[in-house]
Every structure is written in C-alpha cells, then in structure tokens.
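> Pasting in a structure now, in structure tokens, and then I'll have a few things to ask.
The values are calculated or read from the model by the stated rules, or taken from the named source; none is laboratory data. From a predicted model like this one, the values you see are computed outputs, not experimental measurements. Note that we place each Cβ from the backbone using ideal geometry, even for glycine, and neighbour counts take in every protein chain shown.
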Amino acid sequence: MNTQEIGKIVLRIILGLTFFIHGLAKFQDGISNTVGFFDSIGIPGFLAYAVAAIELVGGIALILGLGTRVIAILFAVILAGAILTAKLPAGFLGNGQMAGYELDLALLAMSIYFILADKSFLSLDRKLFNSGNN
C-alpha cells in the first residue's frame, strides 16, 4: 500500500465520519429543528429526513468504503444544495450570525474526489467487487 492509498483512506474516513456526526446530530438534537430550518429557507421540510438519513447511513458506508461513488454523489448534491440555498448569502467565512460555506466547499471537493477516484485498497467496494475502478 503506497502513500496515496493511505491518504485516500484517511480522506474517506474523515469525510464519512464528518457526515455521520452531522446526521447523528440532526436526529439527536431533534429532527424537527432541521425540518423547521428547511421550511424557513423555502426547502420542503420532509427533505430534512432524507438529508439526515443520507448523512448518517452514507457516513457509515463511506467509512467502510461501501458504495463510495454513489454516496459521494449524494453528498455532493447535499453540499451543493446547502451552499446555494443556505450558506451563500453568509459569504465564504460567514457573517457573524451564520457559518460561511468554506467547510461545505471543502467537503464538496472531497466528495468530488471520491466520485472520480478508483476504489481504495482497504474498502468493501474493492473486496466485494474486486476491480480497480468504482
């Protein structure tokens, strides 16, 4: 296993863990808060359940390296939506009342990497589907 492979595994685990924790927080803090926020910015509230579930389950799947490309696509869609609907008005670094979109942009770049990358050496994708590409 080379250094690029180690870097890919670290990046995949950190991205998965970040999304897992965000999804878990949405449910633990009361998903109704997220539903209300979505409604307040003009997004149908029921989508909060879908986003939280994708973050929670997708985070675990990404950590394990299972369905990496599909999960990365879903994460990229969520992040693009978050940037365009909620974060963009606050600016890159935020406005003092709300965080900016710098973290979302970094997570989007990480997600795009996994959309384009080959399977990781240590991943269920590679073990189950045993080929070099996703």
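Condition check ((1) hydrophobic (A, V, I, L, M, F, W, C); (2) within 19 Å of ALA76 (Cα to Cα)) across all residues:
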site: ILE9; (1), (2): yes, yes
site: ARG12; (1), (2): no, yes
site: THR18; (1), (2): no, yes
site: GLY23; (1), (2): no, yes
site: GLY30; (1), (2): no, no
site: PHE37; (1), (2): yes, no
site: GLY42; (1), (2): no, no
site: LEU47; (1), (2): yes, yes
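> Among the residues of the range 114-134, write down those that are free of Cβ contacts under 8 Å to residues at least 60 places away in the same chain and either under 14 Å from ILE73 (Cβ atoms) or assigned to a loop (DSSP other than H, G, I, E, B) (or both).
Hits for the range 114-134 are ILE115, LEU116, ASP118, LYS119, ASN130, SER131, GLY132, ASN133.
> Restricting to the range 9-37, what's the tally of residues that are among the basic types (Lys, Arg) and over 12 Å from LEU62 (Cβ atoms)?
So the answer is 1.
> Would you say LEU11 is at pLDDT 95 or above and assigned to a helix (DSSP H, G or I)?
Spelling it out, LEU11 is indeed at pLDDT 95 or above and assigned to a helix (DSSP H, G or I).
Okay, residues lined up against (1) touching a Gly at 6+ places or on another chain (Cβ under 8 Å); (2) surrounded by 14 or more Cβ atoms within 10 Å (Cβ to Cβ); (3) modelled with pLDDT of 95 or more:
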residue	(1), (2), (3)
PHE20	yes, yes, yes
GLY30	no, no, no
PRO44	no, no, yes
LEU47	no, yes, yes
ILE60	yes, yes, yes
LEU74	yes, yes, yes
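> Considering only residues that are among the aromatic types (Phe, Trp, Tyr) and modelled with pLDDT of 90 or more, look in the range 83-134 and name the one that is surrounded by the fewest Cβ atoms within 10 Å (Cβ to Cβ).
Selected residue: PHE92.
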